[in-house]
Every structure is written in structure tokens, then in C-alpha cells.
Amino acid sequence: MTLRDVHDSAGVGSVTPPRPVAQLGLRANARQFWLLVLVNAFVGGMVGLERSILPALAETEFGITSKTVAVSFIATFALSKALANLFAGRLSSRFTRRALLIAGWLCGLPVPLLIIWAPAWSWVVAANVLLGLNQGLCWSMTVNMKIDLVGPRRRGLALGLNESAGYLSVAGAALLSGIIAERAGLRPEPFYLGIAFASAGLALSVLFVRDTAPFVRLEAAAHQAQSAPTSLRRSFAETTWRQPRLFGITQAGFVNNLNDGLAWGILPLFFASRGLTLERIALLAAAYPFVWGGLQLGTGWVSDLVGRKPLIVAGMVVQGLAIALIGAGSGFAVWLAGLCLLGLGTVMVYPTLLAAIGDAVHPEARSTSLGVYRFWRDAGAMVGALAAGAIADTFGFATAIQAVAVLTILSGVVAARTLAPRREAPL
């Protein structure tokens, strides 16, 4: 299926040449698709810098001993990212996806500089507000633009490639920043990487990325008999609670990122309390997103073949068991095995949940519904970090970790009861 946009006459008796044909498909749009994969790798690198060293920075350089305060940077990051996700879909309809991608990189440029120069912890918290905007706008737009390009048949594969690039970069940046911090100190050297990531991402987005609006119109033409796109208010209600299968997807995303908040903020402090060095903590911090990122190449494609529900339900249960193992176990080898298992559970659900939202809604309403889903998903990281920090302050690390494990398994049960067994037509 193709679409030709022919301009109205520019003058008397003259018509401008037609624009190039828009054609859905991964192969037909390979150059733009792989460019967006590279851009998302830089997006992931920005957040990966913080995963192994910022909790240590809170205690070592700013003297913060409260677990709840130490993970406050995650809460502000997650809230900022969640709100950016919520409104990004509607804003992209008004300003274009490419414009929001560039705006996200402009928000990201000051982040490493603020952390390098921070005289107080409040500067780090403020930097993470900007980082949340960067992640919400840039990651949302790369997701939406890839979905636009490939169409419905390869949606799971496309999102698997997108998330794989992002989270492999998270893992690489987490490991590299931890190694640099062990040898050169927590500041400023590890954050020089962030300056490079943000500069490269902005340059690629400005110079080479093209907007995907023609592809949205092309796919929407095949759905003319279905319901028109909805408002943000109605989409928020349907995605959050009104439609059972959308609720099942959304709650699983919320709990999945609640686990990520635990892994990012609490587990490094837990490992440090058990005597691990910063370099070993960096290895553990990198193992989880490395497994998560690398295997998404396969799970997104598998979900195209077998449906979304089996991977989502099984993935949530595996995550719960992995977290329980980390909390109950002792020693580097056990924790490494638990984090690899947590990555395996996460990789089963992460691209699958995004693809399931894409399956369920009209193409022109997709960016708004994805924004609502991503709002709740990233709000989960905020709730997970703060709740686990508060429980750890009151009852200890083990109780906080096991509480999250139980909640994750319950989320898998809810998904089993609410999700459709196979992909269905959009609502």
C-alpha cells in the first residue's frame, strides 16, 4: 500500500511535483529505521550513566544516609518522564514527532554538566527532572516513529530492536561509568560520556531524522471503518481502567518499572551494605539491562508469532521469582544469577507490552494511548523507588525486596485474567 501527497497548485496552471511514496515496512524504510535505533542507543546511554554511581554519590559526596532521600533522584526522574510521556503523544500531533525528539535532546544537554558542577544534592535532583524530559520525549518519539515506519506486521520485532538498542546502551554506560568511577572518582570523569551522548543524539536528530507523519496517514487509511481517535481524557480513562485488556497491559507496565526503580535505587545500596566494591556493583547494575537489552531482539519477534499474553504473564512471574532470589540469597554469584533472571523476565514483557498497546488502538490514537501507558509505566519507577526506600528505612532491605517480589507475581495473575489470548482488532 502506498500514499502520494500531491500539493495544490502553487500558482496559475502549475502543480508541484509529488512527494516520494510512503511505504510501510522495515525493509522499505531501513535507513531511517536504523538511524532511529542508533539515536535510541544514545538515549539509553544518558540514563545508564547513573545506574551504578548516583546512589554512591548521594552517600559519599553529599552525606545522605536515608534510603528514601538517596533515591529521590529516581522519583523526580520518573515523575518528569511519566508526564513527558503522557503529553508527548498529543504534542506530536501538533508539533510533529521529529520536533519533540529534538526538544528532548535540548533538555538532555545540561544534565551531565549539572551533575558535574552540583554543589548540593538538589542540583542532582533538578538534573534528573531534565533527564526525565529527555527520556520521555526522545524514547517516546523513537518508539512511535518506528511503529509508524514498519506497520502492524513487524511491530513486535521493531519494538524489540528499539528497546534492545536502548537497554544494551544502558548496560554499557552503567558498566563503563562504574569502571571509570572506581579509577578516577565519582565526578566529573564518568559524566563526560553524557556530554558525548547528548551531543551526538542531537546532531543526528537535527541533521538526518525525518518526520513520519505520512506513514501514520497511510496506516490510518486502512482503518477508516473503525472509531476515530479519542481525546487525551478519554484515552486516559480507557487505557487506565475502562477497557480490561488495556488495564491489564498498563498495570503490568507499572509493576515492571516498579521493579526497575528497586533495581536502580535500592539494590546498589543493598549490595554496598553487604560489602561489595563499586566495580562489582557496576557489574551487577549492568547485568540486568544487558540481558534485558540483548534478548529483546528475539522476544519482540516471538510475540508477533505466539501472541502477547503468554510472554507478558510468564515474564511477570519470572521477575517476581528473580527478585525473591536476590532478597533471600547471599554472595555475588547468587545476586548475579538473580539479576540475569530478572533481565530475562523483563525482556519477555517490555517490547511485548508496547506492541500490545499498538495492537489495541486506532493508528491515529496510538501515540496518545502509548503516552498514557508510558505515563503509568514510568510512574511505577517513582513509586517503586520511594516505597522500597521507605520500607527499607523502616524494616530493612530484605523486607522491601520481598514485598516487591510478591507484588510482581500478583501482577502476572492480573495479566492472566485480563489480557486477550491472541492479538485482536483495535478497540
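The values are calculated or read from the model by the stated rules, or taken from the named source; none is laboratory data. Only a predicted model underlies this, so the values are computations on that prediction, with no experimental measurement involved. Reconstructed Cβ throughout: ideal geometry from the backbone, glycine too, with neighbour counts over all protein chains shown.
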Restricting to the stretch 59-81, name every residue that is within 14 Å of A390 (Cα to Cα), part of a helix (DSSP H, G or I) and not charged (D, E, K, R). T68, V69, A70, S72, I74, A75
Just to check your reading of the model, which residue among A84, A103, A56 is part of a helix (DSSP H, G or I) and surrounded by 24 or more Cβ atoms within 10 Å (Cβ to Cβ)? A84
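For the stretch 323-344, enumerate the residues that are without any contact (Cβ under 8 Å) to a residue 40 or more places away in the chain and part of a helix (DSSP H, G or I).
Matches in the stretch 323-344: L325, A333, V334, A337, G338, L341.
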Just to be sure before I move on: is A360 farther than 24 Å from G294 by Cα and in contact (Cβ under 8 Å) with a residue 60 or more places away in the chain in the structure I sent? yes
In contact (Cβ under 8 Å) with a residue 24 or more places away in the chain and in contact with a Gly (Cβ under 6 Å, 6 or more places away or on another chain): does that describe A78? no
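Taking the stated definitions as given, is V302 modelled with pLDDT under 90 and farther than 24 Å from L168 by Cα? Quick ask: steps written out before the conclusion?
Details: modelled with pLDDT under 90: yes; farther than 24 Å from L168 by Cα: no.
Criteria not met by V302.
Yes/no per residue for (1) within 20 Å of the chain's Cα centre (by Cα); (2) under 30 Å from R153 (Cα atoms); (3) among the small types (G, A, S); (4) in a helix (DSSP H, G or I):
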position	(1), (2), (3), (4)
V349	yes, yes, no, yes
A355	yes, yes, yes, yes
D359	yes, yes, no, yes
E364	no, yes, no, yes
Would you confirm whether any residue within the stretch 169-181 is on the phi < 0 side of the Ramachandran plot and either of a type in the set (D, E, K, R) or at pLDDT 95 or above (or both)? no
All but one of (1) surrounded by fewer than 24 Cβ atoms within 10 Å (Cβ to Cβ); (2) of a type in the set (A, V, I, L, M, F, W, C); (3) assigned to a helix (DSSP H, G or I) hold for M145, so report the exception by its number. (1)
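In this structure, is G63 out of contact with any Lys or Arg (no Cβ under 8 Å at 6 or more places or on another chain), modelled with pLDDT of 85 or more and farther than 28 Å from A200 by Cβ? Full working, then the answer.
Details: out of contact with any Lys or Arg (no Cβ under 8 Å at 6 or more places or on another chain): yes; modelled with pLDDT of 85 or more: yes; farther than 28 Å from A200 by Cβ: yes.
In short, yes.
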Which is at pLDDT 90 or above and over 20 Å from the mean Cα position of the chain (by Cα), of L325, L339? L325
Scope the stretch 112-142; condition in contact with a Leu (Cβ under 6 Å, 6 or more places away or on another chain) and either surrounded by fewer than 24 Cβ atoms within 10 Å (Cβ to Cβ) or at pLDDT below 90 (or both); matching residues: W123
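Residue by residue, here is whether (1) crowded, with 22+ Cβ neighbours inside 10 Å; (2) touching a Cys at 6+ places or on another chain (Cβ under 9 Å); (3) closer than 22 Å to L407 by Cα holds:
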site	(1), (2), (3)
L267	yes, no, yes
F270	yes, no, yes
A286	yes, no, no
L297	no, no, no
P310	no, no, yes
L321	no, no, yes
G329	no, no, yes
